[in-house]
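Inspection log for the structure reproduced underneath, given as structure tokens.
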Amino acid sequence: MSTLLYSLGRWAYRRPWRVISTWVLLLILAGSGAVLFSSGTDNAFTIPGTESSAGIEQLNRTFPQASGTSAQIVVVAADGSVTDEAYKPQIEKAVTDLGALDQMSAVTDPFGENIHGLVSDDGSAAIVRMQFAGQTSDITAATKADLASVTDELSSSLPAGAKVALGGDLYSQSVPGVSITEAIGLLIALMVLIVTFRSFVVAGLPLMTAILGVGLSMALILFSTAFATISSTTPLLALMLGLAVGIDYSLFIIARHQDQVRSGVDPEESAARATGTAGSAVVFAGLTVLIALIGLSFAGIPFLTTMGIAASAAVLIAVLVAVTLTPAFLGLVKGRVRGWAPRRARAPKDAGKDAAATRAPKERVPFSRRWVRGVTKHPVVTTVSVVLGLGIVAIPALSLGLALPNAGMLPEDNQARQSYDLVTEHFGPGFNGPLILTGTIVTSTDPVKLMNDLADEIAKVPGVDTIALATPNQSADTGIIQVIPTTAPDSPATAQLVRDLRAQHDRLLAEYGVDLKVTGFTAVAIDISDKLAAALIPFAIFVVGLSLILLTMVFRSVWVPIKATVGYLLSVCAAFGVVSAVFSWGWFAGPLHVSFVGPIISFMPILLMGVLFGLAMDYEVFLVSRMREDYVHRRRDHPDESDRTAAVGAIESGFVGSARVVTAAAVIMFAIFASFVPEGDQSIKPIALGLAAGVFFDAFIVRMTLVPAVMKLLGAHAWWIPRWLDRVLPHFDIEGSAVERELAMADWPEPRTTAAVVAADLALSEGDATLYRDVDLRVEPGGTLVVTSDDPRRTRALLLTIAGRAAPTDGHLKVAGHLLPGRSAWIRSHVGVALLQDGVDPVGPLRRALSGRARIVVIDGLDAATSGAVRDQVAATLRDAAPDELFDADAVTIIASAADASAAQSLLAEVGRVNAPVLTVAAAPVRRSPAAVSPDFSTSSPSEVTA
């Protein structure tokens, strides 16, 4: 990965306008698609497979008048009663006008016959109920405008002081938007970048990359609404995440580049190295966020899965933009990336009078060094203090309530919120969240009596305020019962009522023969909340397990991943505590413009856990990887130093080396997330606050305080890992060691080598078995080499290593000028492989290996095709590989293995490759000088190379 990114960074640096124009073109195309095909977001939350969803589907088929979304108009008299002459005729006229609107299924006149409960007990208020043909997203803007017009007309016709408010399920949620506070967050990010880079030009680069990436991701999300259902919260979440990670990922690369340029590295080389080293960490960090967001599908809720996929797409685009557009921008600014020099310490005024004062001023110890020394001076005290402190902050999380958004959570100046409050005041909280029970009654001979009997049974259930409606449909095959709870739709008591009603199912089925289902907007919201709560623990196990596995692979350690995961859990719990303290307890609700104190949006916990996991891994990787790098270097450069001394010294040096960038990244993320809190939508507020708090706790309290203290306690044991585990786990080169190795081996075996394949001290082990070792070879372009051994596994392993299919465990290997294993991806696509011993017909694999642009081919078991017609076909295939260029450097280079080397040499001689040298991979290695294999087949003499 690091070598690929190294080449990509250099390519982008050299071609900045091509890269920039490509991204701009993609943005224009995606934006055009969004404008032309976007169908808008949809907040119709449903869960397939739940009872409430099944009930809605049944109503869609048999009782469409009751299956669509609903709305209501609340009328409150200024004085007197709504049944007075000044109110009743105007309300009845409004009912008639509403019934004539498009998409209207039914309008309930509160004064109609057999209608009960829509006029308050004291007569001061009335509710006009409306049922639409379709869900919320199906209702057109024209219908909503006509509905608002009728409401305004009714309001103007009533006496002064009367209240008329339009609300209901249709208006229960607001569409999140962007406010000025988000711009303030970007401004704070810009100021942090200016301080970090000491350059106005460089400070603007991360912002430009992030804005372009966010613009592209937002356009793609809006375009996707043409063929997918996407909630209105999704684009804002993608915007928030895309800005935060987009700025930070570019920041990490530019910071590494700036440090290298200041130390004298050529800007082009520095951009390539920064993309290969810091870019590798960016890719890993983005991958963790990506996996965690896609893991939201654990809940099995379609809208949440879509939200996770959309947010992960925004993160993926941020990663791609960071590793391509960032080096392209660096190619534009070139040497100007250095920024202005830091202010030097002033010499004393009396330096001329006092000779002692002429000495250089005492070097100022940076704050990061003083901080890490302070927290590691008493590591036990630091560790206990942090754990107890975060535990105390997490206490409010125990009272965290969950619910889907409803009109009661909207700002108080919103008309739907006013309607909600008026209904609560004059009718009771349950009227804002009626439940619907529906079932098939086709076998009944008296459907009206059956529905009345069922209504009487339901009314006895504790928590039921009243039965507003109990009726069969026109075909008398389906009945509905509208139940008004005594409590609000987001109350835990209402959720318990839904469970109690479902507990009556078997009894009512046995007694009345009706399979009743509890459904409706409120029941759907309760089912979603219950399912999200049930998915929280499995998702947490998934995230924690993923954290342990990924970090073990990265750091080759057992204790570092455990420490990192515990720190992540502390950060998550503390973030939940802050959110609960604000939204459940009401602390600082006023300054943060929280319009409703109570339950928060149901998917906040699982979403917060997923996103914060990825961000926490970012800080862990960028901070601890530097400590590990310094630890490895100290052990190499100071072999006499004890392991613990080296480990403790690496904590301080690694912390100082990475603290500036990690601090800047955390401050930027905190500013971006916090900017969505004061004026944000009620659904996004708790998510933004939780992320802001989580970033603060994880970056500054856990990673920069707890981590150094725990690492000090662990000492050298922090980097312990069992050998068997180290062998089975794949390696992630997030520190860019492959790039450093490639740079160090750039002139090996000689500058600008012409060798097609060259190896020295090559070895490959598998477990405790050594397949081959001490292999030295060199093959020039167009040359040929026969590899033989008494064990065919050895020769196949060597050939697969040369072809990039197996990574050597020791030694050096270059194929076509590319160092392995770092460039194995390129080698695999440019070196053909033919395993002749694996098939009955060896000609097919050989033709495939020689097809395309492969100029190097490895053939395993060439002597398996040395008899009869097969020999002739193989010879013809080899001859066709380069019929007129046998002595040209552009001819195909062939490395073949054979148990019978002479048979393979004879076959190769038929195609003009005479006297092919032989390399014997012996069971008991005997070292000899490597032989140069000449492409001049007519003049080269037979030779044997034993390794």
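Read-outs throughout are calculated quantities, based only on the coordinates presented, and are distinct from any laboratory measurement. The structure presented is a predicted model; accordingly, all values stated were derived computationally and were not measured. Glycine gets a Cβ as well: all are built from the backbone with ideal geometry, and neighbour counts include every protein chain shown.
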Query - Mean residue ellipticity (222 nm) of the chain, computed from DSSP H runs ≥ 4 via -39,500 (n - 2.57), nearest 500 - result: -17500 deg cm²/dmol
Query raised in the report: Quick one, what does Rg over Rh come out to for the stretch 483-575 if you take C-alpha atoms and the Kirkwood Rh?
Result: 1.27
Query raised in the report: Given the C-alpha centroids of the stretch 683-707 and the stretch 559-611, what is the distance between them in whole angstrom?
Result: 9
Query - Descending semi-axes in whole angstrom, ellipsoid equivalent of the chain, from the Cα gyration tensor - result: 66, 37, 25
Query - Entries of Lys460/Lys531; Lys563/Lys814; Lys163/Lys685; Lys88/Lys144; Lys93/Lys685 with Cα pairs more than 32 Å apart - result: Lys563/Lys814; Lys93/Lys685
Query raised in the report: Could you give the dipole magnitude of the chain about its Cα centre, charging the beta-carbon of Lys and Arg +1 and that of Asp and Glu -1, in debye to the nearest 20?
Result: 4820
Query - Cα convex hull of the stretch 435-519 - mean projected area over all directions, nm² - result: 4.9
Query raised in the report: Karplus couplings for the stretch 716-731 from phi (6.51 cos²θ - 1.76 cosθ + 1.60, θ = phi - 60°), rounded to Hz, Gly and Pro as x?
Result: 5, 5, 4, 9, 7, 8, x, 4, 5, 6, 5, 6, 7, 7, x, 9
Report summary line: Per DSSP, the loop-located chymotrypsin sites (Phe, Trp or Tyr not before Pro) within the stretch 210-285 having at most 14 other beta carbons within 10 Å are Phe227
Query - Counted charge near Asp79, where neighbours are those whose Cβ lies closer than 14 Å (Asp, Glu -1; Lys, Arg +1) - result: -2
Query raised in the report: Bin by bin, in steps of 5 Å, what percent of the Cα pairs in the stretch 131-255 do you find, going until the bin that has the longest distance?
Result: 2, 8, 14, 14, 12, 10, 9, 8, 7, 6, 5, 3, 1, 0
Query raised in the report: Once amide H atoms are placed 1.01 Å from N in the peptide plane, what residues at a sequence separation of 5 or more from Ile600, or on another chain, have their amide H within under 5 Å of its amide H?
Result: Gly401, Leu402, Ala403
Report summary line: Karplus-derived 3J(HN,Hα) from phi for the stretch 738-748 (6.51 cos²θ - 1.76 cosθ + 1.60, θ = phi - 60°), whole Hz, x at Gly and Pro, runs 5, 5, 4, 5, 5, 5, 5, 9, 4, 9, 9
Query raised in the report: Using 1/(1 + (r/R0)^6) with R0 = 22 angstrom and r between the beta carbons of Ser765 and Ile549, what's the FRET efficiency to the nearest 0.05?
Result: 0.35
Report task. With a Förster radius of 56 Å, plug the Cβ-Cβ distance of Ile541 and Asn452 into 1/(1 + (r/R0)^6) and report the FRET value to the nearest 0.05. Result -> 0.70
**Report entry** Amide hydrogen neighbours beyond the local backbone of Ile856, cut-off 5 Å, H modeled
**Finding:** Gly832, Thr893
Query - Antiparallel DSSP beta bridges within the chain, as percent of all bridges there, nearest 5 - result: 65
Query raised in the report: For Ser906, what charge total do you get from the other residues with a beta carbon under 14 Å from its beta carbon, if Lys and Arg give +1 and Asp and Glu give -1?
Result: -2
Requested in this report: Please list the non-local residues whose amide H lies under 5 Å from the amide H of Asp465, H modeled 1.01 Å from N, same-chain partners needing a gap of 5 or more.
Outcome: Ile484, Thr486
Report summary line: Extend 7 Å from the Cα of Ala78 along its Cα-to-C-beta direction; within the stretch 126-156, residues with backbone N under 14 Å of that point are 155-156
Requested in this report: With an 8 Å cut-off on Cα pairs and a minimum separation of 6 or more residues, tell me the relative contact order of the chain in percent.
Outcome: 13
Query raised in the report: Using the Kirkwood radius built from alpha carbon pairs, what does the Stokes-Einstein equation give as D for the stretch 51-171 at 10 °C and 1.306 mPa s, in µm² per second?
Result: 106
Query - Phi to ³J(HN,Hα) by Karplus 6.51 cos²θ - 1.76 cosθ + 1.60 over the stretch 609-618, Hz, x for Gly, Pro - result: 4, x, 5, 5, 4, x, 5, 4, 5, 3
Query raised in the report: So if we plug the beta-carbon distance of Arg61 and Asp102 into 1/(1 + (r/R0)^6) with R0 = 25 Å, what FRET efficiency do we get, rounded to 0.05?
Result: 0.65
